[in-house]
Amino acid sequence: MKNAIVTGSSSGFGKLIAIELAKSGFYVYATMRDQSKAESLLQLAADGNVKERIHVVTLDVTSEASIAEFGGYVQELQSVDVLVNNAGFAQGGFCEELPIEAYRQQFETNFFGAVAVTKEVLPSMRALGSGKIINMSSISGTFGFPGLSAYVSSKYALEGFSESLRLELKPFGIDVVLVEPGSYKTNIWSSVETIQLQDQSPYENYKEAIMNELKSGEPEYGDPQEVANLVVRIARDVDGRSELRYPIGKGVAKTILLKKLLPWKTIKKIVMKKLYR
């Protein structure tokens, strides 16, 4: 039985990915900061008759001590065949008003956390001569959005890291893949909805326009199960034919294509028109 590690498994994509990997035959090490949040995952596993294939592991990807403890745990495993770097959150706010510490916290989880966990599994994968690292990025890793500069920046960094890492590890039989979901029915945007503005903030109307745009698109948000199923298909690919990027979600591929083809001034007009109709 092959081993898979999934970070951020207590909710959202991570929880579904852990379940689907277990159903497809992997033994899954589902990591999360707080094991008290494991009940939902384990109940879902029990419902799918795969509870015996999931082991919950405590891991805070922003803590050096937790990463070190996790590294010792990884060394005891016979192999690590798949790593899914999923742990992350979305920090909303406007640059002028968002504390620099908020940017640091965003990067500690979404970027440095993924790097730290990856470094812990690489010796095992390299010794095995195979492995697959799946980094959960976002459409935000290819396209900037107002009010999300911290989140967008962290995902852009993850994209660049993954490109470089894919080239570094190819000679060792290790594959690196980016999954780029659009808008799905998860709790990732909960922090965006609670953006705290300063008193008499000049960004009040801007925030309202952004939130109205997000709300208006909710009926078309995708089923996160689609993303989990895609990750499993990538994880099960043993022929080394995986692409670097897998955009997924309604309109995502079109948005990425237009970003490549259209001049920036046209893109700016389109975005501003949607926010100030």
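Brief remarks follow.
- Residues (over 22 Å from ASP60 (Cα atoms) and outside any loop (DSSP other than H, G, I, E, B)) located in the stretch 91-106: GLY93
- Selection from the stretch 3-37 of residues that are buried (at least 24 other Cβ atoms within 10 Å of the Cβ) and part of a helix (DSSP H, G or I): PHE13, GLY14, LYS15, LEU16, ILE17, ALA18, ILE19, LEU21, ALA22
- Condition met for ARG233 (modelled with pLDDT of 90 or more, exposed (fewer than 14 other Cβ atoms within 10 Å of the Cβ) and assigned to a helix (DSSP H, G or I)): yes
- Condition check for THR62: assigned to a loop (DSSP other than H, G, I, E, B), of a type outside the set (Asp, Glu) and closer than 18 Å to MET136 by Cβ: yes
- Where a residue in the stretch 95-107 is on the phi > 0 side of the Ramachandran plot and aromatic (Phe, Trp, Tyr) and its partner, wherever it lies, is at pLDDT below 95 and assigned to a loop (DSSP other than H, G, I, E, B), with Cβ under 6 Å and at least six apart: none
- Considering only residues in the stretch 244-277 that are in contact with a strand residue (DSSP E or B) (Cβ under 7 Å, 6 or more places away or on another chain) and in a loop (DSSP other than H, G, I, E, B), the one that is farthest from LYS132 (Cα to Cα) turns out to be LYS250.
- The residues on offer are LEU244, LEU214, LEU230, and the sole one that is free of Cβ contacts under 8 Å to residues at least 60 places away in the same chain, farther than 25 Å from GLN91 by Cα and of a type outside the set (Phe, Trp, Tyr) is LEU230.
- Residue match in the stretch 174-196 (condition: assigned to a loop (DSSP other than H, G, I, E, B), among the small types (Gly, Ala, Ser) and either touching a helix residue (DSSP H, G or I) at 6+ places or on another chain (Cβ under 9 Å) or surrounded by fewer than 17 Cβ atoms within 10 Å (Cβ to Cβ) (or both)): yes
- Scanning the stretch 123-137 for residues that are at negative phi and out of contact with any Phe, Trp or Tyr (no Cβ under 6 Å at 6 or more places or on another chain) yields PRO123, SER124, MET125, ALA127, LEU128, SER130, LYS132, ILE133, ILE134, ASN135, MET136, SER137.
- Inside the stretch 211-225, residues that are exposed (fewer than 14 other Cβ atoms within 10 Å of the Cβ) and at pLDDT 85 or above make up a count of 1.
- Residues satisfying the stated conditions in the stretch 124-139, i.e. part of a helix (DSSP H, G or I) and either acidic (Asp, Glu) or touching a residue at least 40 places away in the same chain (Cβ under 8 Å) (or both): SER124, MET125, ARG126, LEU128, ILE139
- Residue match in the stretch 52-73 (condition: within 26 Å of PRO181 (Cα to Cα), among the aromatic types (Phe, Trp, Tyr) and crowded, with 20+ Cβ neighbours inside 10 Å): no
The values are calculated or read from the model by the stated rules, or taken from the named source; none is laboratory data. As the structure is a prediction and not an experimental result, all values here were calculated from the model. Every residue, glycine among them, receives a Cβ derived from its backbone with ideal geometry; neighbour counts consider all protein chains shown.
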